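Everything below concerns the one structure shown next.
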Ligand SMILES: Cc1cc2nc3c(=O)[nH]c(=O)nc-3n(C[C@H](O)[C@H](O)[C@H](O)COP(=O)(O)OP(=O)(O)OC[C@H]3O[C@@H](n4cnc5c(N)ncnc54)[C@H](O)[C@@H]3O)c2cc1C
């Protein structure tokens with residue numbers, strides 16, 4: 001069996017790594033001429049780290065990442081009062097792995113090392129595919145073509161393969177924009193380098209910060225109402241630091257102190273899609289953001305792509321034919337990823353409640369819950385066991 005994977009992001013690279021580990025041929029085709037160190041912070045929760053451990057990449061990653069001690073530490077915008085905090089030191093005992101705060105570029109770099117370099121083809125933009133009863137053929141903008149048993153579309157939220165299968169439906173605009181900045185830790189008081197995923201919740205907006213790159217850098221991401229008409233998503237778009245600061249004027253001093261050190265900031269639209277029930281079309285499977293792009297409020301976009309990758313390798317390896325493997329993949333992944341997509345979408349309202357009775361009820365609910373139990377359904381999930389079960393159920 002051989003597989004063509006379109007997209008050299010986290011989902012595409014993880015797919016190739018899991019397939020190759022099982023001796024299944026996989027080639028990755030990426031449109032960019034080079035895999036640049038683009039992006040900012042990503043949270044890797046135990047459900048994803050358990051899978052990455054199997055690829056042997058966690059050892060390389062941990063020297064460049066930060067092991068989270070506290071996760072989801074919610075603060076009230078005005079006075080910094082802590083509303084909820086997860087003790088992540090229990091994760092290894094409960095879920096077999098810690099959670100890690102990483103730079104996306106570091107994750108891409110270690111995943112690249114888990115893939116046979118001769119199977120990565122840069123500067124190959126997929127422009128079309130056709131399938132027959134036995135094969136799927138793929139065309140690229142540079143006039144190259146290839147053929148395989150399976151095609152995995154890991155080409156991101158604006159996936160052209162998805163568009164060719166289901167029609168050109170634009171992604172859903174959340175009405176929010178994301179601001180992203182990286183600040184050298186030595187420009188900030190030491191408390192900002194604490195291994196904590198810190199969130200500040202306020203009316204209509206929230207701000208997140210945590211250290212990455214072995215604590216050398218503090219990653220800041222914030223969500224505020226988007227300017228009307230600003231719906232373009234680009235990981236390299238620039239914003240103005242003074243506009244960013246103005247969005248959080250009047251917030252607790254720790255937020256102001258952090259934003260005062262921002263000298264460069266990215267700004268872009270925040271998009272997702274509603275869950276769908278079909279990820280597989282014959283020999284073609286959608287994976288990662290191409291299948292289930294989600295708002296980033298559960299920090300699971302990369303994690304779900306990694307789960308997809310591990311599940312797909314499991315099902316195509318175990319099923320009696322490649323296409324049956326994809327059927328099982330869809331069966332295993334649709335319910336899980338739809339739940340994460342919906343939960344992430346709902347968080348936009350919950351995180352941004354205006355001060356008043358609903359916000360007070362939310363804060364009380366935070367105070368009443370067991371913080372780690374709240375995420376148990378995410379962290380304890382075993383994507384490979386579910387995939388094996390889906391194959392058995394065929
Ligand atoms: C440049 C970039 C930076 C990001 N930075 C962050 C970040 O800082 N923090 C965060 O939480 N998330 C970030 N993300 C999103 C996060 O990586 C994804 O949500 C998640 O990892 C799912 O990954 P994916 O592989 O499904 O999609 P993506 O990561 O979007 O990868 C898709 C890949 O497919 C390639 N591609 C698209 N169309 C074609 C085509 N026609 N032919 C060939 N290749 C194609 C793209 O160039 C890209 O490399 C970033 C994504 C990108 C692309």
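According to the Cα-based calculation, Rg over Rh for the chain is 0.97, with Rh computed by the Kirkwood formula. Full extension of the chain between residue 147 and residue 393 yields a length gain of 85.6 nm, computed as 0.36 nm times the residue separation minus the alpha carbon distance. Counting only DSSP beta bridges with both residues in the chain, the antiparallel share comes to about 70 percent. Using C-alpha pairs under 8 Å with a sequence gap of at least 6, the mean separation divided by the residue count of the chain gives a relative contact order of 21 percent.
For the peptides 137-143, 184-190, residues were scored by their other Cβ atoms within 10 Å and the scores averaged per peptide; the highest-first order is 137-143, 184-190.
Report, in deg cm²/dmol and to the nearest 500, the calculated mean residue ellipticity at 222 nm for the chain, where each DSSP H run with n ≥ 4 adds -39500 (n - 2.57) and the sum is divided by the residue count. If you can, show how the numbers build up before the last one.
Numbers: 13 runs with 137 residues, N = 394.
Calculated from helices alone, the mean residue ellipticity at 222 nm is -10500 deg cm²/dmol.
D for the stretch 311-360, whole µm²/s, Stokes-Einstein with Kirkwood Rh over alpha-carbon pairs at 25 °C and 0.890 mPa s: what number? Don't skip to the end; give the middle numbers.
Working: Rh = 13.2 Å.
Result for D is 185 µm²/s.
A Förster radius of 51 Å, combined with the Cβ-Cβ distance separating residue 238 from residue 134, puts the computed FRET efficiency at roughly 0.60. Legend: ranking of residues 224, 145 from fewest to most surrounding C-beta atoms inside 10 Å; resulting order 145, 224.
Between residue 168 and residue 125, the contour length at 0.36 nm per residue exceeds the Cα-Cα span by 13.7 nm. A straight line joining the Cα centroids of the stretch 31-87 and the stretch 279-347 runs 20 Å.
Relative to the longest principal axis of the Cα atoms of the chain, the long axis of helix 104-113 lies at roughly 30 degrees. Averaged over residues, the count of other Cβ atoms within 10 Å places the peptides 382-394, 153-165 in the sequence 153-165, 382-394, highest first.
Going by how many other Cβ atoms sit within 10 Å of their own, how do 1, 88, 182 line up, fewest first?
On the way: 1 16, 88 27, 182 21.
Sorted ascending by nearby Cβ count, the order is 1, 182, 88.
Determine by what factor the alpha-carbon radius of gyration of the stretch 14-100 differs from 2.2 N^0.38 Å, reporting the quotient. Taking N as the residue count of the stretch 14-100, the ratio is 1.43. Relative to the longest principal axis of the Cα atoms of the chain, helix 301-318 runs at roughly 20 degrees.
Of all DSSP-defined beta bridges confined to the stretch 1-159, some 65% are antiparallel rather than parallel.
Sorted by packing (mean other beta-carbon atoms within 10 Å per residue), highest first, where do 116-128, 65-77 land?
Numbers: 116-128: 14.8, 65-77: 21.8.
The most tightly packed comes first, giving 65-77, 116-128.
Read-outs: derived from the displayed coordinates by stated rules, not from any lab. Just so we're clear, the structure is a prediction, and the values are computed from it rather than from any experiment. Note that each Cβ is placed from the backbone with ideal geometry, even for glycine, and that neighbours are counted across all protein chains shown.
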